[in-house]
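Heads up, the thing below is written out as structure tokens.
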Amino acid sequence: MHIDPLERKWIYVSLGMTGLFVGVILLTSFIHGVNAPSNVETIDSARLHLSKEFAEDNLGVEENVDGSIMVRMVAARYGFFPRSIKVPADTKITFRWVSFDVLHGVHIPMTNMSTMILPGFVAEVTTVFPKPGLYPVLCNEYCGRGHDHMWSNISVIAKQHWKQSSNKKGDSDE
Ligand code: CUA
């Protein structure tokens, strides 16, 4: 079979471009810690208040014995609860999100946090906040008329200050 040399050249160019794009996607997803959702865990969204884990008293920040951090939060029209939490910078933090009503999303810029929060499922994401500061938490799935106003903040404090603070449960009671 005869392939024109010019045509052959362009076949290589297009294959090379495809390879380059796939490589860039793989590299950036590796660098930014992008994962496909893998946590298949169900929950009754209508009875969260009766569930052990997501009852109101259990929401917020919990520091485990080994120093790792677990955060449990509920997304509901139109907010993320608890309203404000504090977590340490430069530390692995596992977030467990559930919805109280409809489909929501959560996006925290400058982190790998971007996931859907489906009613009936627990979304689990592990992330690290690189620097102290106030990070916005945004809903990125259309969930109703208040969607545009569904956002809050997370205070990220320096690791050394976290150790000194006695803050165990993050729901701001100050
Ligand atoms: Cu919640 Cu959009």
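Of the residues in region 79-93, how many are aromatic (Phe, Trp, Tyr) and open to solvent by 10 Å² or more (accessible area, probe 1.4 Å)?
1
What residue, among those in region 27-40 that are part of a helix (DSSP H, G or I) and of a type outside the set (A, V, I, L, M, F, W, C), is least open to solvent (accessible area, probe 1.4 Å)? Step through it out loud before you land on a result.
First, the residues of region 27-40 that are part of a helix (DSSP H, G or I): 27-31.
Now narrow it down to the ones that are of a type outside the set (A, V, I, L, M, F, W, C): 28-29.
Values: 28: 60, 29: 33 Å².
In this case the residue turns out to be 29.
Against the conditions (1) at pLDDT below 90; (2) among the aliphatic types (A, V, I, L, M); (3) away from the ligand (no atom under 16 Å from the Cβ), where does residue 113 fall short? Just the number, please.
(3)
Residue pairs, Cβ under 9 Å, 6 or more apart or interchain, first in region 152-165 and modelled with pLDDT of 85 or more, second exposed (fewer than 14 other Cβ atoms within 10 Å of the Cβ) and in a strand (DSSP E or B). List them.
152/136; 153/134; 153/136; 154/134; 154/136; 155/134; 156/134
Just wondering, is there one or more residues in region 77-91 that are in a strand (DSSP E or B), more than 18 Å from residue 36 (Cα to Cα) and free of Cβ contacts under 8 Å to residues at least 60 places away in the same chain?
Checked region 77-91: at least one residue is in a strand (DSSP E or B), more than 18 Å from residue 36 (Cα to Cα) and free of Cβ contacts under 8 Å to residues at least 60 places away in the same chain.
With 13, 24, 74 as the choices, which residue is open to solvent by less than 60 Å² (accessible area, probe 1.4 Å) and assigned to a helix (DSSP H, G or I)?
Values: 24 fails: open to solvent by less than 60 Å² (accessible area, probe 1.4 Å); 74 fails: assigned to a helix (DSSP H, G or I).
Selected residue: 13, the only one of 13, 24, 74 that is open to solvent by less than 60 Å² (accessible area, probe 1.4 Å) and assigned to a helix (DSSP H, G or I).
Restricting to region 105-124, name every residue that is touching a residue at least 60 places away in the same chain (Cβ under 8 Å) and not in a loop (DSSP other than H, G, I, E, B).
Of everything in region 105-124, those that are touching a residue at least 60 places away in the same chain (Cβ under 8 Å) and not in a loop (DSSP other than H, G, I, E, B) turn out to be 115, 116, 121, 123, 124.
The values are calculated or read from the model by the stated rules, or taken from the named source; none is laboratory data. As the structure is a computational prediction, the values presented were derived from the model and not from experiment. Glycine also receives a Cβ, built like all others from the backbone with ideal geometry; neighbour counts cover every protein chain displayed. The area values use the complete protein model at the heavy-atom level, side chains included, leaving out ligands, DNA and RNA. Shrake-Rupley method; radii C 1.70, N 1.55, O 1.52, S 1.80 Å.
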